[in-house]
1. Determine whether the range 79-90 contains at least one residue that is under 30 Å from Thr21 (Cβ atoms) and touching a helix residue (DSSP H, G or I) at 6+ places or on another chain (Cβ under 7 Å).
2. Only one of (1) at pLDDT below 90; (2) under 29 Å from the mean Cα position of the chain (by Cα) fails for Thr21. Which number is that?
Amino acid sequence: MNEKDIIKILAAARFKFRSDTLTNWNEKNPILLSGEFGVVTDGNETDKVKIGDGVTPWNELSWWRGPQGKKGDPFVYSDFTAEQLEGLKVKGDTGPQGIQGDKGDKGDKGDAYVITEADKAEIAASVLANFTDVSEVGQ
């Protein structure tokens, strides 16, 4: 068999990688063969992969990550609706109250106001104006 025949066979072949749930991987903690892929197929870790080195147990292997993608375009407010922008506003819980500051100096005493006879008459007239039956006054 020559190299071209081998390439044709490999091109037509299907590969199946070792796969299991994250729980099973963690409980069994197998040692993957050097270059062997271990694929997680459930939960939040779906499609995460570890690649064995023939020595390190599963729980000590790092997750395989592909190359980092290019940096995206900067955030532009005009790309979003008002509703989407409102959803981006996150307000956290209020923190604990800070330290109480020192008591300030006592303020100046205000001017005393003396009610004059004219003020008393004006107040009495205002009160009487609010009664429909003047006979109620003084009872």
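1. No, every residue in the range 79-90 fails to be under 30 Å from Thr21 (Cβ atoms) and touching a helix residue (DSSP H, G or I) at 6+ places or on another chain (Cβ under 7 Å).
2. (1)
A quick yes/no check of all residues on (1) on the phi < 0 side of the Ramachandran plot; (2) at pLDDT below 85:
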position	(1), (2)
Glu45	yes, yes
Val49	yes, no
Gly54	no, no
Asn59	yes, no
Trp64	yes, no
Ala82	yes, no
Lys89	yes, yes
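The values are calculated or read from the model by the stated rules, or taken from the named source; none is laboratory data. Nothing here was measured: the structure is a model prediction, and the numbers come from that model. A quick note on method: Cβ atoms are made from the backbone with ideal geometry, for glycine too, and the neighbour counts reach across all protein chains shown.
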